[in-house]
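No lab work stands behind these numbers, since they all come straight from the coordinates. Please read these numbers as outputs of a predicted model, since none were measured by experiment. With ideal geometry, Cβ positions are generated from the backbone for all residues, glycine too; neighbour counts draw on all protein chains shown.
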């Protein structure tokens, strides 16, 4: 009996088995937004340090942060915040043992993305104009 020929035929990689879907896309997006939120926290820290340093430093930082160039990254940070928040709540629901049906998983994922987009637009209209 040859062990090499008797072994079951298995695919070499998971990408040969699984289809690309909403769950793996949202999982990757959750990780990416987490990284972007970490970078945004550094920007927030610079702002807080400028507040503590004095009026001249604060005015310099606010000149940069208030510029039109900075509004797009700020809106992206807001999207990451809202997405990460909503997806974290979805994961808490999953931790309770609910929401594992195919329709619930897909609907919950779509709801997370829609919430993040709508909340970002509301934030941008109210806060960035």
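Numerical summary
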| read-out | value |
| --- | --- |
| Chain lengthening between residue 19 and residue 104 when straightened (0.36 nm per residue, less Cα-Cα) | 28.8 nm |
| Most to least packed among 97-104, 109-116, 50-57 [average Cβ atoms within 10 Å] | 109-116, 50-57, 97-104 |
| Cα centroid separation, the range 69-129 to the range 30-57 (Å) | 21 |
| Residue-averaged 222 nm ellipticity for the chain, from DSSP H runs of 4+ at -39500 (n - 2.57), nearest 500 | -27000 deg cm²/dmol |
| Calculated Cα Rg over 2.2 N^0.38 Å (choose from (i) 1.42; (ii) 1.57; (iii) 0.98), label | (ii) |
